[in-house]
Amino acid sequence: MKVKKGFFRALRVFFLFVIGALVLGYIYDNIQLAATIGVGLGVLWMGVAYFNAEEGEEEE
C-alpha cells in the first residue's frame, strides 16, 4: 500500500501539538483545556501538512 510522505509529516505535527499542549497544561495546572486546544490545533495543522504535501511524494 502506498502512503503519501505528507501523512507521516502530518502525524508528527499532530503529536507535537498534542504533547506540547499537555506539557503546557501540566505546567499551568489546566490539562483539560490544554489537551482540547492541542488536539484542535493538531488536527488543523495535520490537515494543512497533509494537503500541502506534493502528490508525487509516495512511500511504501
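Bear in mind these aren't lab numbers, they're just calculated from the coordinates by the rules spelled out. Just so you know, these numbers come straight off a predicted model, no measurement behind them. As a convention, Cβ positions derive from the backbone with ideal geometry for all residues, glycine included, and neighbour counts pool all protein chains shown.
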Return the label of the correct value of Rg and Dmax of the Cα atoms in Å, as calculated from the structure shown, out of (1) 10.3, 26; (2) 13.8, 44; (3) 12.9, 41. (2)
Dipole magnitude (debye, nearest 20) for the chain, charges at Cβ of Lys, Arg, Asp, Glu: 120 debye
